[in-house]
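The values are calculated or read from the model by the stated rules, or taken from the named source; none is laboratory data. For clarity, every value in this text was computed on a predicted model and none was experimentally measured. Virtual Cβ from ideal backbone geometry, glycine too; neighbours counted across all protein chains shown. To get the accessible areas, we keep the full protein, side chains included, count just its heavy atoms, and leave off ligands, DNA and RNA. Shrake-Rupley method; radii C 1.70, N 1.55, O 1.52, S 1.80 Å.
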Amino acid sequence: MFLQFIEKLVHHKKAQEQLEVELGKNYQNVYNLVFTNKSGGFIKSAFIHTQMRTLINKAGLAEITFHGLRHTHIRLLIQNVVSIEALKVRL
């Protein structure tokens, strides 16, 4: 599974490089971001929230915010008896 993730990231990076070639000066990924808008800049939080809401609705899941995901993540770690030190790293 991890290798599939890496392969997808490599594919994504190649697609970004191709987009940079196509757009030239109009592509400006100054901070070398992994996930960008179409011109290489920051993705707006409103777009991320809209996409997340759409995916949650398609999956038939209950509404949750990014902050809610953070709390759920920590709660699951605590339930699985993860050490305080490991929790600090995750936060």
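Annotation: per residue accessible area for the chain equals 88 Å², rounded to a whole number [probe 1.4 Å, protein chains only].
Out of the total accessible area of the chain (probe 1.4 Å, heavy atoms of protein only), what percent is carbon and sulfur?
Working: 5040 of 8010 Å².
C and S fraction of accessible area: 63 percent.
If you take every residue apart from GLN16 with its C-beta less than 12 Å away from the C-beta of GLN16, what net charge results, scoring Lys and Arg +1 and Asp and Glu -1?
Details: positive: LYS13, LYS14, LYS38; negative: GLU17, GLU20, GLU22.
Charge balance in the 12 Å sphere: 0.
Dipole magnitude for the chain: computed about the Cα centre from +1 point charges on Lys and Arg Cβ and -1 point charges on Asp and Glu Cβ, it is near 200 debye. Sequence-distant contacts, meaning Cα pairs under 8 Å at least 6 residues apart, place the relative contact order of the chain at 11 percent.
With Cα atoms as the point set, the radius of gyration and Dmax of the range 1-89 evaluate to 17.4, 50 Å.
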